[in-house]
Amino acid sequence: MVFESNGARMNYEVAGDSGRVLLLLHGWGGCINSWLPVIRDFQRECRVVAVDFPGFGESPEPSEGWSVTEYARLTADFIESLGEESIDLIAHSFGGRVALLLSTMIPDKIGRQILTGCAGLPSKKSASGRLSETAFHALSSVADNAFTRRVIGAERIARARDAMRGLFGSADYKNASPRMRETFQKVVSQDLTDCLPLVKASTLLIWGENDTATPQWMGKKMEETIPGAGLVVFEGAGHFAYLEQYARFYAIAHKFLLG
């Protein structure tokens, strides 16, 4: 099925015929299939709704580079279209960014939420990371110089910039299309710290002890700042803790959402 709002299109699927709506928001590079075991098990007691964010899965890319704000607005419109007084949700990584911003847009629409490996806080860069970033911006400044453009030419400048991005960029950035690269830059640069104290939903944070994409300190910061939030750390798990230790995740999530 497809939801459309303000020219944007988002693919979604529904599983289960009754019960409270449980919305699933995937991480960057993910899709509806990222939630297959969750859909399989929760559809017995919930109406599970999973989406492909624009640019992922079966959803077309947005018409321009989006920030978290545009994704949250589309998701808020989608939630409104469901016609429910409130829903519950589970979000992973980038989906957690969207969930945090939803807390400021439609705070009364989210009842309970589980955020696992949730992104949205600015990273603490290592010395080498800061050096790489400084070098990238310095090289970009040279590339953007008017004299350099005249001498070297726009096409060679573009190739040079792509080479610099390939050298310093993340795997997610390297694997994205030009439009989704622009989106990725906007998404990762958006600091959602101010959203944390505004969250009204009952929130459970589930983190992998060895998560390097969204380190454990982020989960602890969210636990301290989101009113009433609780944090569960899965020992030995990484960024995809909910899949790496799925049986444990399901038991905890089921009790939190339905117990």
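The values are calculated or read from the model by the stated rules, or taken from the named source; none is laboratory data. No experiment lies behind these values; they were computed from the predicted model shown. Note: ideal-geometry Cβ built from the backbone for every residue, glycine included; neighbour counts use all protein chains shown. Accessible surface areas use protein heavy atoms only, side chains included; no ligands, DNA or RNA. Shrake-Rupley method; radii C 1.70, N 1.55, O 1.52, S 1.80 Å.
The 1.4 Å probe gives accessible areas that order Val51, Val188, largest first, as Val188, Val51. The share of accessible area on the stretch 1-127 that comes from carbon and sulfur is 42 percent, using a 1.4 angstrom probe.
Judged by the mean number of other Cβ atoms found within 10 Å, the most tightly packed of the peptides 246-256, 39-49 leads the ranking 39-49, 246-256. Under 16 Å of direct C-alpha separation, and excluding same-chain neighbours fewer than eight residues apart, Lys221 reaches these lysines: Lys124. Within the shell of other residues whose beta carbon sits under 13 angstrom from the beta carbon of Glu244, the net charge comes to -2, with Lys and Arg scored +1 and Asp and Glu -1.
Each Lys or Arg adds one and each Asp or Glu takes one away; over the other residues whose Cβ falls under 15 Å from the Cβ of Ala253, this sums to +2. Each peptide in 74-87, 56-69 gets a packing score, the mean of other Cβ atoms within 10 Å over its residues, and the list from highest to lowest is 56-69, 74-87.
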